[in-house]
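Below: one structure, written as C-alpha cells.
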Amino acid sequence: MLKRLLMINPVQQVEHPEYWNESALDIMKYPPMNLAYLAALTPPGWEIRIIDETQEPLTSEEADLVAITSMTPTAPRAYAISEQYRRQGTKTVMGGIHVSMLPDEAIQYTDAVVIGEAESVWSQVIRDFDNGQLKRVYRGERMSLKNLVNPRRDLLTGKYPLNLASVETARGCPHDCEFCSVTAFNGRRLRERPVPEVLDELEALSNKYIFFTDNTIMSSGTEGEKRAIELFRGMVGRGLKKRWVSQVGIDIGFSPEVLKWAKRSGCMGLGIGFESINEKTLEEMHKTRNLRIGVRRYKEGIKRIHDNGIAGAGAFVVGSDADTEAVFENTLEFILDAKIDAAEFGILTPLPGTRLFASLKQQGRIFRTNFPEDWTRYDFTEVVFKPKNMSPDELLEGIAQAYRDISGLTTSLKRALRTLAITRSFVGMGIAYMWNRGSAKLLTQKFEQTRKELPPEVSHH
C-alpha cells in the first residue's frame, strides 16, 4: 500500500486577505518549484500531493508525512499547519529559507527541520521516516546543479497566470546586499546549470510563457554575458517559441549582444532591481552592481532595453537610513522620466539571517517583535523598524502617495499603451496595466490600513 506524502506551500496569513486575493495581484504568483523538485527525488512507494495554498485551500487531507516549505511572511501559517497535523499524530518536516535562518524557532512546531537546500538530504529524510528514526535536524549541502532532476510539474495543479512555467537556470548570487537573505541561503558563488540541460527542459515544456526564477538571468562580467547569450541563442537555435520574463540588474542595458538575443529568444520584460536612485542609499545597501553602472546611467540603460523591444519593470526599496521624505518624489520623477513600464515600491524589511536584521536588532530599532506572529508583517508592505529620517507613518504615507500618483487611470493607460508600442505584445501591455492600475491601487489601500495599525509610540517622531 502506498504511503501518502503531502507537500504544502502555505499562504500568508494576513488580517486583510482581500488585498492579496484580487486578480490584479495574481501576476505575482508562480509555482513552488522547490516542492516539485523534492517530489521528483522521493523514492517509489509514495503517493504525493502538492498543495499550493495561494491557489487552493488546504482541507482535511490525510497523510503519513507532511512536508512544509516557508518564507518569512508565511512562517506563522506553516507552523499552524504543522501543529494541526502533529495533533493528529502525523509527522511533519519543515524547510525553506525562513526555517533555515531560524531553525531553533521552527523546531518548536515540527518534528524535523531541514536547514539549507533540501535536495541533498531528502532521500535521507524519507529513509529515516520509513525506519521510524526521523532526526530533528538535517543540514542540506549546496550541490552542483548539473544533471538536476526534472521537477514533478504534473503535481502542480494550480491555475497560475498565463499557464506560467517556472524554470531555474542558476542558484546563488555573487553580490551580498545588506537586506538580502539569498546569499545566506544559496551562497555567494553562482552555481549554474549547463545550458544544454536548461534548453532540454524548455524544449520539453508545452507552456508558452516562462518565468526564469534566477535572482539574475545575467550575472555580472564577461562570463555572465557569455552564458546569457549561449542560453538565448540556444533557444533561438532550437526554435523554441517561448515568451519569457526574468529578473536582472540594470547592467544588462549596457550589454547590446545580450539584449539582442534576449529579444530574439522571446523576452517580453525584465524586472530590474534599481533599489534606489540615491547613491548613498546604494552604498548603505552594498548594492555594488548598481554603483558600478552609476545612478546617472539608469535612464540610458532603460532606453537601451526599450530600444530592443523589451519592457523594463523597476523595483525600488525605500526606508534606508540615507533616505529622507524626498525619496518618494525623486523616485517617482525618475520612474516617469525613464518611462519605466511598471514600478514596485517595497519597504526596507530586515529579514532574519541578513546583516540588516542583525544591525537593527542590535540598535534596538525593530518594534515588530511578537514572533512568530509578527513574521506575517515582514512582507515589504509594512514598517517593522524605526527609520532614521522619517517616522513609520511618514514612510507609509509617502509610499502610498507614490502609488496613487502612478496608478491613476490616465497615467496607467498611457504607460500601458507605451508598453504595447515597445513590446508589440498585448500580454505585456495587459500585465503592465494590471500592475500599474490594479495592484498599485490595492497596495495603496494596504499601506493606508497599515498606518492605522502602527503602535502609537512609534508612528511619529
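The values are calculated or read from the model by the stated rules, or taken from the named source; none is laboratory data. Everything numeric here is computed off the predicted structure, so don't read it as measured data. No Cβ is skipped: glycine too gets one built from the backbone with ideal geometry, and neighbour counts run over all protein chains shown.
The table below lists the values:
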| read-out | value |
| --- | --- |
| Scope the stretch 231-263; condition within 25 Å of the chain's Cα centre (by Cα) and among the charged types (D, E, K, R); matching residues | K242, R243, D251, K263 |
| All positions within the stretch 332-376 that are closer than 20 Å to K386 by Cα and of a type in the set (D, E) | E373, D374 |
| Residue that is exposed (fewer than 15 other Cβ atoms within 10 Å of the Cβ) and closer than 29 Å to R418 by Cβ, where the choices are R264, R243 | R264 |
| Test: residue in the stretch 250-269 that is part of a helix (DSSP H, G or I) and of a type in the set (S, T, Y) | no |
| Filter result for the condition that a residue is surrounded by 19 or more Cβ atoms within 10 Å (Cβ to Cβ) and part of a strand (DSSP E or B), over F357, F316 | F316 |
| Criterion (on the phi > 0 side of the Ramachandran plot and at pLDDT below 95) met by exactly one of L145, L162 | L162 |
| Residue tally, condition crowded, with 18+ Cβ neighbours inside 10 Å and either in a helix (DSSP H, G or I) or modelled with pLDDT of 85 or more (or both), over the stretch 183-194 | 6 |
| Residue under evaluation S23, criteria (1) polar (S, T, N, Q); (2) closer than 18 Å to F380 by Cβ; (3) modelled with pLDDT under 85, criterion not met | (2) |
| Within the stretch 374-395, considering residues that are among the hydrophobic types (A, V, I, L, M, F, W, C) and closer than 19 Å to E275 by Cβ, the one surrounded by the most Cβ atoms within 10 Å (Cβ to Cβ) | V383 |
| Residues located in the stretch 267-282, provided they are touching a residue at least 24 places away in the same chain (Cβ under 8 Å), of a type outside the set (V, I, T) and more than 25 Å from L420 (Cβ to Cβ) | E275, S276, N278, K280 |
| In the stretch 400-452, the residues that are under 14 Å from G269 (Cα atoms), β-branched (V, I, T) and touching a Phe, Trp or Tyr at 6+ places or on another chain (Cβ under 9 Å) | T419, V427 |
| Failed item in (1) without any contact (Cβ under 8 Å) to a residue 40 or more places away in the chain; (2) in a loop (DSSP other than H, G, I, E, B), with D128 passing the rest | (2) |
| Complete set of residues in the stretch 110-135 that are crowded, with 22+ Cβ neighbours inside 10 Å and among the hydroxyl-bearing types (S, T, Y) | T110 |
| Flag for R77 being assigned to a helix (DSSP H, G or I), without any contact (Cβ under 8 Å) to a residue 40 or more places away in the chain and not polar (S, T, N, Q) | no |
| Candidate set: the stretch 364-397, residues that are without any contact (Cβ under 8 Å) to a residue 12 or more places away in the chain and assigned to a loop (DSSP other than H, G, I, E, B); chosen: the one farthest from P10 (Cα to Cα) | G364 |
| L351 being in the same structural domain as T423 (by TED's automatic domain parsing), more than 24 Å from the chain's Cα centre (by Cα) and among the aliphatic types (A, V, I, L, M) | no |
| Single condition L231 does not satisfy, out of (1) in a strand (DSSP E or B); (2) touching a residue at least 60 places away in the same chain (Cβ under 8 Å) | (1) |
